[in-house]
Each structure stands twice: as structure tokens, then as C-alpha cells.
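So the structure is just underneath, and the comments pick up after that.
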Amino acid sequence: MKIVFCLLLLILGFWGKRFFEEIKPQPELNAYLPLGKRFEQQLIRGVLGGWRPVVADIAWLRVTTSWENRQWNRLYENVRIATRTQPESLLFWDMGAWHLAWNASLAERNNRLEARIEVRKEKELYWAEKGKNLLEEGTIYHPTHFKLWLQLGLLHQERRHDYVSAYECFLKSSQFNGAPSYVARMAGYALEKQGDPAAVLNYWEKLLEKSPDRPDRGLIEKRLLKLKKETTLDPLKPIP
Amino acid sequence: MSALYLRLSTLTGLTVRDLLRQNVLYLILIPAALTLLTLPLFTALTFEEQIKFMRDFCYGTMSIFGLFLAIIATAQSLSNDLEQKTIFTILAKPLNRWEYLVSKGMGIGLILFFALTILTVLSAGLFAYQEKSLLEAAIGNATHPLSSQELQRFSDQLWSPALLMAVLILYLKLILMVGFTLLFSTVASSSLFTIFTSLMIYLIGHLQSTAREWVMGSEGLSVGMKWVVGLLSVILPDMSFYEGAERILLGATPGLSYLIPPLGYTFFNLLWILGLSTWIFESREFR
Amino acid sequence: MNSSLSLQIRNVQARYSLAWNRKAMVALDDFSLDLKAGEIFALLGPNGSGKTTLFKLILGFLKPKQGSILIQGEKAGTRKARAQVGYLPENPYFPKYLTGREILETYGGLSGLSRGVLKDRLEPILELTQMSSFAEKPLHTYSKGMIQRVSLGQALIHDPQLLLFDEPTTGLDPQGVDLMKEAMKKLRSLGKTILFTSHLLEQVETVADRIAILYQGKKLVEGSMNELLKENDAATIQVKGLSEEQLSGVKGALYDFGASAVEVTPRSGSLENLFRRYTK
């Protein structure tokens, strides 16, 4: 009798467990990552338990103090600890890249203690690249979040003057949920910098066509008119 | 009142009283409270960072100390009864062994609830204190005054009711660990073995789903090996069911239905754990 | 199966398997016993003879490798069987922070007794165990004797038919021993069956109806006290108020009757009686 009772509990328990595993509604955090990276994350999660975000946060506090003390290598190390320990926190990628590509990079450019301009330039680019790499890695963990793509676009545009990559990043960012309307405009501006008026006009036209109720419709129309005036193309003719 | 209810409630009550009298509860609860009290020492740069840190810190403290409490209290509860031979007078009474296990589990469950409630209330107090001091500092900041919208957003994030849901999900996770620890206690002769095995299971539980996917997806593996892995995955817990708490900490504000998967998963796991541990415990001899 | 028996043990064997698959140790071998309602049965034997093992078998803590044990017709180890058994362990342990009354209430609750039933049961038990004066004090203030009385109380709380007392008088002062013996006699008069173990043979003699001697897991002898202790051709004559000279006259007369060995020694009181007289 007791064995039957135990067996019933076992069967019912396993059945229910399996049932819930099958209907598990949301993917695991980082479910889209390659298995190796996922395993690493789950291992950190298991070993550190509930302290995992706290370890990441404490590394992040050290990032802030490193920034205040202008210790860029220490800052970078702590950004890596924070992003590795809790990669699902967008803040670490976003702000970490900002510290590297802007704060560290610009500080090196303006470093008066270094007399050699070329060394300053080299260091400026070094930190800008670090920031870019960090954001690129961040987009592996957050492939569908507009913010990192937007930051990456800005970084390409402002720090590396790479308008092709900037355009691609802004465009991608604008396609994801939650992206503000200006992101799509930024893609357009980045495209303008590439010097292909036909492509630019095509982009703006398509943007209006795709979402005619955009809040920034007026702005785009104005821009379109201005661009058409500036180009030799007939404003009344459709864009080739 | 039925005799079953009387038996269960009496032993549950005895377990609770025992744990309240034992040092293990205070040895875990007091350091946890002291850890929480260090929260005001950490100040982050931005409000967003500060809120994240406060949430993570309080949840992390509850999670770690709660895990220790769940595992150590459960492992000691049964081994104490064996060492002090109380089990002989208890099980000599007309009480089923499954009732003994369920009562132990319920007693520890109540203690965990009590401990998490205390830590939640303490966290709320710290949140209120931090909020007050941070806002005072922000309002007094002439160069970067906060807009009323920003203030509201800050308060909303800090006092999100979803955080309570995260604590509830943590509670379910800890209850599952109580179940596993109780299962190991039924076979173990030392509490150290039980504690170690339970911690291992906790770790493996986090790796389980990824490891299973990897093994099942790999080409060269024999069918037999896949069967073994499949069987293990049936027994081992999948802790990714409780990741919802982490999502809440990262800012998600889900509805109550969010609780159903971890609730159902915990319940059915406890069922089979009870079945297996009763089976083992029934056949266990006490010399 | 004989349902009039409180306890029926048939050819029971218990073995302890030793670690690493070494040979099993036989703790009890081919043991049988029948206990009727209202009798006190003592199990005697040196340490390791299998007395406690037998109790554990009756309570279901151990499972017999062969044979059967029935309590009031129920298989040992089942909940129904345990409802008929009260157990007083050799070294009882209870939570020290509880009072004697709380212990009884707790163990009553574990037996599934409602508050109402418990209320009715508590007073007679407190009276029988003479716990009333200290029942409201926490256990950490108790002496060994007081704890033993609490233990007796918890064994009786669910009104079982069969009582198992493992060394009930070990470590008790003479008053404690008296109380335990009186309680056992009272319980016998109420129709309860008592199976107990003891090292103290004199105490066994004064309370047990029947005894068995166990040695190395085997029952060597079993029977009533009268049967086992009776020496058919020997007798004791007690006299008081005779002088030395008169005593040697009695001795001579006994030889005249054909007695082969006559011993006359002046009687002295026992130390136990002396202690009792002064500590009453």
C-alpha cells in the first residue's frame, strides 16, 4: 500500500515536472547565446548564487571610482568583471562602453602630461576600440535591444567617423521595440554623410511610406524637401 | 479536526519551536541582517545604478543566507533527531513516516518564510532610508536638480510590487532545496554529507538545462548515454525556472501569472521528492 | 493468530549487516514470545543480548529477517500496531525548553489526540507519574527521575495496551524505583501488558510475573517467577525473639526431622531499607 502511494507520488511528480518543463513560457536568460557562453553564465550563477548581481555591482562601483581617479586599465578590468558576471544587465555594457570610448578615450586625447601627440592619438583610438568591442560583445547578449545598437552607431559615428557602420547600427536599432523615433532619423543622417543623395532620398521616402503616422513626420518632410533642393534631382519625380 | 491534521500540525509546531531555539537560525539571520545594514555604505554614481545595487544587494543577501538556512536547517533537523534519539520517541507514536517528513518540511518552510519576511521588512526599511537620504541630496543639488518626473520614476522603480514577487520566487526555489535536502537526509548518516550534496545539487541545477541541451544535441553520443542523461535530467532540478526573480530585478514588471511556472514546477518536484524520500525512509532501519 | 494476546512473536530473527559486506551479526535468533493482557514480563540479559533489538523490532525501527510480530493482532511497525504500543526508551531525550505538561501535550498531538481527549488524559497521567508538582517547569530544571516520569507519561498518553519499558529504573533513586514499580503494578491492574528490560534483578523479582533470559540473541529460559525460582526441597524459616540457645535448639530439632543442611544466621536489614527509612 505504502509502495503504491510512493509510486503514485513519483509518477504524478515526474509528470507534472515534465509538463511544466514543456510549457515553460519564457526562454532562459541568455537562451540565445552559444552553448559555451550559456554554460559559463549558468556556472557563475550556480557558484555565486544570489551574490552574482552583487559581485557585478561591486565591480561596477569600482568602475566609478576608477573613472574618478582616471585609472583606465582598472576601469576596464572592472567593466569586464561586471559584464561577465551579469551580462544580462544592459547598464554595464552601455555605460561601460561610454566610459571606455568617451571618458577614457577623450581623457587620453587631452592628456597634457603626454607631450607626444601621436601617442595620445594612439591611446585615444585604443580606448575607442575597446568601447566598440565591448558594445559588439554586448549585442551578442542583447541582440534585440535598441540601446546597444544605438550606442554602437553613435560610437562609430562620433569616435571612429565610420558612417557606414554607424548607419547599419542605427538602422538596426530603429527596428527594435522601444527605439525612439529619432534613431531612424540618425540612420538617415549617417547615410547622408556617405555622399549618396539618391540612397538618402530613397531612405527618407521609404521611412515615411512605412510609417506615415510618425511623430517626426514634419521633420522628415522638411529634411526631404531641403535635400531635394540641394540635389539636382527633380523633387516632383520619384526617386530612382 | 482530523487526527492527521493534529499529527502534522503538532510535529510542524515542534520543528518550528526547535529551529527557533537552535542557534542555526540566528547564526544565519543575524549576519544576514548585519549584511543588509551595510547597504547605505555603498553609493553609486547614478540613480539607476543605485536602485539596481539596492535591489541586487537585498535580494542577494536573502538568496544566499536563505539558501544556507534552507539547507543547514533541514540537514540538521533530521540528523539532530537521530543523534539525540528523539526520533525513537516520535516514530514510536502512531505517525506515518511520510507525515514526519512532510511536517519537517513544513516547519522549515515556515521558518524560511519568517526569515524572508524579516529580511524583506528590513530591506524595505533600508529602501525608505536610502530613498529619503538620496532624494534630500538630489533636491539640495543646485547644479542638477531632479524633475518631479524623475523623482516619481525613482520611487516607482524602488517600490515596485514586482519585487515582492521576486522574493516569492526565491522562496519557492528555497522550498525546492528544502525538499532535496530532506531527500538526502533520509539516506545520509551525517549532516555534512547532506549539506555538501545539496549544495552540489543547487549548482548542478543551474547547469542542468544547458548541459542537457548540449548532450542531447551532440552527435557522437551513444543512445545509452543519452538515456542516462535524460534520466538524470528528470531527477535533477532545473533552476532556470526561478530566473524570473532575476528578470524582475533587472526591471521586468510581470503579472501574477508569472508565478505559475515556478509554483507548479516546485509543487510537482516536491511531490516526487516526497514519494521517493518516503520510500527510502520507510525502508530505513534505526538501530 | 491469537487475538487475545497483546504481543505475539514467532521465530523472529534479526541481523545487523556489517559494513563492507562483512558477515552479518545475528542480534536475535529464533525468538518467540506470547504476552497476555495484564501481565508484566521482564527480559533479562547482559548488554548486547538482544533486548533493545527486540523492542526496536516491535516498534518497527528494525525489520525482522524472518518470523512475525503481532501487536493486538496488528503487524508490528504499522501505524495501527504503534497505536497500541507505548515506549519508554532507556535514555529519553526531549526538547529541554518544553515543560513536562507540554511534552505530554506534544506527544499526545503526535498520536493524533484532540485537545478535548488530551485534557481528559492528562490529569490521571500526571497523578500516576506524580508529575503534578513540576509539570509546569521547563525540562532543563528536571532531575533524571523527573525526566523518567515524563517519559513514562508520554508512553501512556495515547492509552496503549502494550507498554515497552527499556531499563525503566536505571539511574533512578530508590524512591524513583518505587514509583516506577508502583506505576507498573497499577498499569497491570488496569489490564495493560508490560514488557520491560532490566539489569537490576532484585527489582525484576518484585514486579515481574514472568521473565525470560536472553544471551547472545537466544532465549535461554522463560517462565513465571514462582516456577523458575522455586527450589522444591528447600525452604526458608524466619523467626524473631529467640535467644542463641533457643536457636540452636530449633536447629537440632530440624536435624531430628531429617534435614540435611540447616543454616541459622542472624538477619540484618538491607541498605536499601535503611536508606528508605531515612529519606522517606
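The values are calculated or read from the model by the stated rules, or taken from the named source; none is laboratory data. Note that the structure is predicted; figures quoted are calculated from it, not measured. Cβ sites come from the backbone with ideal geometry, for glycine too, and all protein chains shown count toward neighbours.
The table that follows gives values for the structure above.
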{"read-out": "Test: residue in region B:105-113 that is within 11 Å of another protein chain (Cβ to nearest Cβ) and in contact with a helix residue (DSSP H, G or I) (Cβ under 9 Å, 6 or more places away or on another chain)", "value": "no"}
{"read-out": "Subset of region C:247-274 (residues that are of a type in the set (D, E, K, R), over 17 Å from C:Ala235 (Cα atoms) and at pLDDT 85 or above)", "value": "none"}
{"read-out": "Residue list for region C:75-89, filter: buried (at least 18 other Cβ atoms within 10 Å of the Cβ) and within 11 Å of chain B (Cβ to nearest Cβ)", "value": "C:Gly77, C:Ala81, C:Arg82, C:Ala83, C:Gln84, C:Val85, C:Gly86, C:Tyr87, C:Leu88, C:Pro89"}
{"read-out": "Answer residue from region B:262-277, given it is of a type in the set (S, T, N, Q) and closer than 23 Å to B:Ala245 by Cβ and is farthest from the other protein chains (Cβ to nearest Cβ) among those", "value": "B:Thr266"}
{"read-out": "Out of C:Arg188, C:Arg101, C:Arg121, C:Arg149, sole residue that is away from chain B (no Cβ under 12 Å) and buried (at least 22 other Cβ atoms within 10 Å of the Cβ)", "value": "C:Arg149"}
{"read-out": "Selection count, region A:54-95, where residues are within 12 Å of chain B (Cβ to nearest Cβ), surrounded by fewer than 23 Cβ atoms within 10 Å (Cβ to Cβ) and of a type in the set (Ser, Thr, Tyr)", "value": "3"}
{"read-out": "Hits in region B:184-218 - residues which are buried (at least 18 other Cβ atoms within 10 Å of the Cβ) and outside any helix (DSSP H, G or I)", "value": "B:Ala188"}
{"read-out": "All helices (runs of 4 or more DSSP H) inside region B:64-173 with 1 or more residues being basic (Lys, Arg) and at pLDDT 85 or above", "value": "B:97-139"}
{"read-out": "Top-ranked residue in region B:219-260 [being within 10 Å of chain A (Cβ to nearest Cβ) and of a type in the set (Gly, Ala, Ser); ranked as surrounded by the fewest Cβ atoms within 10 Å (Cβ to Cβ)]", "value": "B:Ser257"}
{"read-out": "Any chance B:Ile30 is within 14 Å of chain A (Cβ to nearest Cβ) and either crowded, with 22+ Cβ neighbours inside 10 Å or part of a helix (DSSP H, G or I) (or both)", "value": "no"}
{"read-out": "Residue satisfying condition, being at pLDDT 90 or above and either out of contact with any strand residue (DSSP E or B) (no Cβ under 8 Å at 6 or more places or on another chain) or closer than 30 Å to B:Asp18 by Cα (or both), within set C:Glu39, C:Glu90, C:Glu102", "value": "C:Glu102"}
{"read-out": "Any chance C:Leu57 is surrounded by fewer than 22 Cβ atoms within 10 Å (Cβ to Cβ), modelled with pLDDT of 90 or more and more than 8 Å from every other protein chain (Cβ to nearest Cβ)", "value": "no"}
{"read-out": "Meets criteria (outside the structural domain of A:Asp213 (by TED's automatic domain parsing) and either more than 21 Å from the chain's Cα centre (by Cα) or among the polar types (S, T, N, Q) (or both)) for A:Glu137", "value": "no"}
{"read-out": "Flag if B:Asp56 is at the interface with another protein chain (Cβ under 8 Å from one of its Cβ atoms), more than 30 Å from A:Val47 (Cβ to Cβ) and buried (at least 16 other Cβ atoms within 10 Å of the Cβ)", "value": "no"}
{"read-out": "Any chance C:Gly112 is within 14 Å of chain B (Cβ to nearest Cβ), touching an Asp or Glu at 6+ places or on another chain (Cβ under 9 Å) and on the phi > 0 side of the Ramachandran plot", "value": "no"}
{"read-out": "Qualifying helices (runs of 4 or more DSSP H) (wholly inside region C:62-139; at least 1 residues being farther than 30 Å from C:Met25 by Cα and among the small types (Gly, Ala, Ser))", "value": "C:100-110, C:115-128"}
{"read-out": "Residue, nearest to B:Ser2 (Cα to Cα), within region B:86-104, restricted to residues that are within 9 Å of chain C (Cβ to nearest Cβ) and aliphatic (A, V, I, L, M)", "value": "B:Leu95"}
{"read-out": "Verdict on C:Asn47 being at the interface with another protein chain (Cβ under 9 Å from one of its Cβ atoms) and either in contact (Cβ under 8 Å) with a residue 60 or more places away in the chain or under 23 Å from the mean Cα position of the chain (by Cα) (or both)", "value": "no"}
